[in-house]
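The values are calculated or read from the model by the stated rules, or taken from the named source; none is laboratory data. Keep in mind that this is a model prediction, so the values were computed, not measured. Methodologically, a virtual Cβ is constructed for each residue, glycine included, from the backbone with ideal geometry; neighbour enumeration extends over all protein chains shown.
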Amino acid sequence: MLLIQDTIISPDLTDEYFCCDLSACKGICCVDGESGAPVEESEIARLEEVMSIVWNDLSDAAKQIIEHQGVVYIDADGDCVTSIVDGKDCVFTCYDEHGICRCAIEKACREGKTDFCKPISCHLYPVRVTQYNGYRAVNCHRWKVCNIARENGKQCGMKVYRFLKEPLIRKFGEEWYSELESNA
């Protein structure tokens, strides 16, 4: 374990490999699962703000869910998560011409329409951050739908922390990331 500021970091971040291959997995992480993506309280307003920007990229079913229950809900574990359609697709999913599931918010961000990329839990995946007694635990989540990403990471030599450099800096800051990098 590594301790940086108020975070306890699992060795998985520096020891394991990971690199998404959307052409292989088709973005299934935005579709498969028990509930939506975890959302921080401060992100709810941002999600609501981007609605007018991403609305036309959303499915009709997603629009109905958002109109009925909003962009988030409290799941069975008591966590605030993105609303989902028919128990699977995040309401912010959209599909490209190759059938790959994408995030409509991230698409809008890449097009320069918003500076909000997507919820930090999505940006950080497969990393999950959990609060414990004044510390944040930073761990890798292992989900079979990401086996392709782990294999792809091994093939290209991409460690988890390097693959997630941008979101880790977004969440913890440059200084934190530099310390992680120097201890890797």
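When you go through E175, E181 one by one, which is the residue that is charged (D, E, K, R) and farther than 17 Å from D12 by Cα?
Details: E181 fails: farther than 17 Å from D12 by Cα.
Being charged (D, E, K, R) and farther than 17 Å from D12 by Cα holds for just one of E175, E181, which is E175.
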**Study point:** Residue among K171, K154 that alone is in a helix (DSSP H, G or I), more than 26 Å from S52 (Cβ to Cβ), in contact (Cβ under 8 Å) with a residue 12 or more places away in the chain and touching a Phe, Trp or Tyr at 6+ places or on another chain (Cβ under 6 Å)
**Key:** K154
Point to revise | Residues being under 21 Å from M1 (Cα atoms) and either at pLDDT below 95 or surrounded by fewer than 18 Cβ atoms within 10 Å (Cβ to Cβ) (or both) - total across the stretch 163-175 | key: 5
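Considering only residues that are surrounded by 21 or more Cβ atoms within 10 Å (Cβ to Cβ) and either farther than 12 Å from D12 by Cβ or out of contact with any Ser or Thr (no Cβ under 7 Å at 6 or more places or on another chain) (or both), which ones fall in the stretch 126-139? So that I can check it myself, show each step before the final result.
Taking the stretch 126-139 and keeping what is surrounded by 21 or more Cβ atoms within 10 Å (Cβ to Cβ), we get 126-127, 138.
Of everything in the stretch 126-139, those that are surrounded by 21 or more Cβ atoms within 10 Å (Cβ to Cβ) and either farther than 12 Å from D12 by Cβ or out of contact with any Ser or Thr (no Cβ under 7 Å at 6 or more places or on another chain) (or both) turn out to be P126, V127.
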Exercise for review: Could you tell me whether K154 is surrounded by fewer than 20 Cβ atoms within 10 Å (Cβ to Cβ), at pLDDT 95 or above, of a type in the set (K, R) and over 17 Å from G33 (Cα atoms)?
Suggested key: yes
**Study point:** Exclusive hit being farther than 17 Å from C20 by Cα and either not charged (D, E, K, R) or not assigned by TED's automatic domain parsing to the domain that holds I44 (or both), set P119, P126, P167
**Key:** P119
Practice item. Test each condition in (1) more than 17 Å from the chain's Cα centre (by Cα); (2) closer than 20 Å to E41 by Cα; (3) without any contact (Cβ under 8 Å) to a residue 24 or more places away in the chain for E111 and report the one that comes out false. Key: (2)
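For the stretch 30-57, which residues satisfy the criterion of being in contact with a helix residue (DSSP H, G or I) (Cβ under 6 Å, 6 or more places away or on another chain) and either surrounded by 20 or more Cβ atoms within 10 Å (Cβ to Cβ) or within 20 Å of T114 (Cα to Cα) (or both)? Before you say what the answer is, go through the steps one by one.
Residues of the stretch 30-57 that are in contact with a helix residue (DSSP H, G or I) (Cβ under 6 Å, 6 or more places away or on another chain), as a first pass: 32, 37-38, 50, 53-54, 57.
Listed by number, the residues that qualify are A37, P38, V50, I53, V54, D57.
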Check your understanding: Restricting attention to the stretch 140-156, does a residue exist that is within 20 Å of I8 (Cβ to Cβ) and out of contact with any helix residue (DSSP H, G or I) (no Cβ under 7 Å at 6 or more places or on another chain)?
Key -> yes
